[in-house]
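Structure first, commentary second.
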Amino acid sequence: MIIHGRSLHPGTATGTPIRLTAPLSFWGGTDAEGRIVDAHHPQCGAVLTGRILLMESGRGSSSASSVLAEQIRARTAPAAIILSRPDPIIPLGALIAAELYDINLPVVVASYDAIPAGALVQVTDGTITW
């Protein structure tokens with residue numbers, strides 16, 4: 001199956017999806033290992049590292065972009081992020097990591113409801129396949 005979305009930051013990644021039921025801020029919402037630590041988030045404890053993150057949008061602080069960039073550098077970030085609506089902070093973190101560390105994490109806006117939970121998903125710029 002193929003979904004065409006709008007690329008907010010280019011890149012290619014493959015992984016299994018993790019669908020969040022609430023928006024997430026990387027600032028205070030995740031730890032250095034890529035685990036959700038926000039005690040109020042419904043998926044607190046879930047590990048995002050190497051996964052294809054599916055969520056409505058980011059939440060909160062502009063500092064989340066620097067936390068995401070550091071997780072990308074440390075290789076503890078999601079492999080790709082698919083949003084259902086645009087968010088300016090998340091692609092900024094990906095852009096910072098690309099400029100500073102030459103690592104591209106794709107960020108895409110697309111309708112992701114059809115992506116099955118256990119699928120192996122590939123994101124190439126704005127194209128999502130499984």
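Data table
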read-out	value
Selection status of Leu20, within 19 Å of Gly118 (Cβ to Cβ) and open to solvent by less than 70 Å² (accessible area, probe 1.4 Å)	yes
Conditions (1) under 13 Å from Ser65 (Cα atoms); (2) surrounded by fewer than 16 Cβ atoms within 10 Å (Cβ to Cβ): number failed by Gly93	(2)
Selection within region 96-130 - open to solvent by less than 70 Å² (accessible area, probe 1.4 Å), under 18 Å from Glu56 (Cβ atoms) and more than 14 Å from the chain's Cα centre (by Cα)	Ala114, Ile115
Residue in region 12-32 that is touching a strand residue (DSSP E or B) at 6+ places or on another chain (Cβ under 8 Å), among the acidic types (Asp, Glu) and in a loop (DSSP other than H, G, I, E, B) present	no
Any hit, region 90-101, residues being without any contact (Cβ under 8 Å) to a residue 12 or more places away in the chain and more than 14 Å from Thr14 (Cα to Cα)	yes
Boolean, Val47 is touching a Gly at 6+ places or on another chain (Cβ under 7 Å), more than 22 Å from His4 (Cα to Cα) and open to solvent by 10 Å² or more (accessible area, probe 1.4 Å)	yes
Any hit, region 2-10, residues being of a type outside the set (S, T, N, Q), under 20 Å from Thr124 (Cβ atoms) and within 12 Å of the chain's Cα centre (by Cα)	yes
Contacts under 9 angstrom Cβ, first residue in region 5-31 being more than 21 Å from Val47 (Cα to Cα), partner open to solvent by 60 Å² or more (accessible area, probe 1.4 Å) and assigned to a strand (DSSP E or B), 6 or more apart	none
Members of region 34-44 that are open to solvent by 10 Å² or more (accessible area, probe 1.4 Å) and either within 14 Å of Pro78 (Cα to Cα) or in contact (Cβ under 8 Å) with a residue 60 or more places away in the chain (or both)	Arg35
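The values are calculated or read from the model by the stated rules, or taken from the named source; none is laboratory data. Only a predicted model underlies this, so the values are computations on that prediction, with no experimental measurement involved. Reconstructed Cβ throughout: ideal geometry from the backbone, glycine too, with neighbour counts over all protein chains shown. Each accessible area value is taken on the protein alone, full model and side chains, heavy atoms only, with ligands, DNA and RNA left out. Shrake-Rupley method; radii C 1.70, N 1.55, O 1.52, S 1.80 Å.
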